[in-house]
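Asker: Right, I'll just put the structure down here and ask away after.
Nothing in this text is a laboratory measurement; each read-out follows from the coordinates by a stated rule. Predicted model only: the values in this text are computed from it and were never measured. Don't worry about glycine lacking a Cβ; one is built from the backbone with ideal geometry, like all the others, and counts go over all protein chains shown.
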Amino acid sequence: MIYELKYLDFVTQNAVYESRFVKHAFDPQSQTLFSYWTTETPQMSQLDFKVEMENWLNTSQKFKPLYLFDYCQDFVYPIVEEEQIWMAHLLNPGWIEIGLKKYAHVVPDEFISNLAVEQMFDEFFNMKLANQFEIKHFGVSEEEIAANWLWGKKIML
């Protein structure tokens, strides 16, 4: 969990977008957008979810990261299938357009074996878009492995 604290500190100190549900921070050195979802996500409405996804895309388009580190330890909003499809059609083409290369999705360890985590991103791949970025899911206990996969080396924040 040392990485969690480093990422949370980094995101908190360098937030380029912040709401009660999420903080996004961009590190120009590693060309990474860090997304840290808060414990407030259970209170998100469908409209809040859509607004946050649109803001995530806008933040991505502004900074054009090559890498995305999405920390979802506290993300508990239930994304229904219709929202998954909408999210994929919103984010996937936009992230491909800016040149995103890799997306590390960090979830609670108990979710990593849950098919829902994989199914959530099926629509991204079902779109069969050229230059599709890699997406890999990691448990919270695998944060360091996720970071090493994302950059191929350790990045000091």
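Asker: Quick one: Cα centre-to-centre distance for segment 27-71 and segment 89-110, in angstrom?
Answerer: Going from one Cα centre to the other spans 10 Å.
Asker: Using only the C-alpha atoms of segment 1-90, find the volume of their convex hull and express it per residue in Å³.
Answerer: Value for segment 1-90: 95 Å³ per residue.
Asker: Mind checking the log10 I(q)/I(0) for segment 2-151 at q = 0.10, 0.17 Å⁻¹? Debye, one equal scatterer per Cα, no solvent, two decimals.
Answerer: Debye curve over Cα of segment 2-151, log10 I(q)/I(0) at q = 0.10, 0.17 Å⁻¹: -0.30, -0.98.
Asker: Kindly write out, for segment 80-91 in residue order, the coupling ³J(HN,Hα) from the Karplus curve 6.51 cos²θ - 1.76 cosθ + 1.60 (θ = phi - 60°), rounded to whole Hz, with x marking Gly and Pro.
Answerer: My calculation for segment 80-91 gives 6, 3, 4, 6, 4, 5, 4, 4, 4, 6, 7, 7 Hz in order.
Asker: Given the DSSP H assignment, sum -39500 (n - 2.57) over each helix run of at least 4 residues in the chain and divide by its residue total; what's the result at 222 nm in deg cm²/dmol, nearest 500?
Answerer: -13000 deg cm²/dmol
Asker: Counting Lys and Arg as +1 and Asp and Glu as -1, what is the net charge of the other residues whose Cβ lies under 12 Å from the Cβ of K102?
Answerer: 0
Asker: Sorted from fewest to most neighbouring beta carbons within 10 Å, what does the list W95, W37, W86 look like?
Answerer: W86, W37, W95
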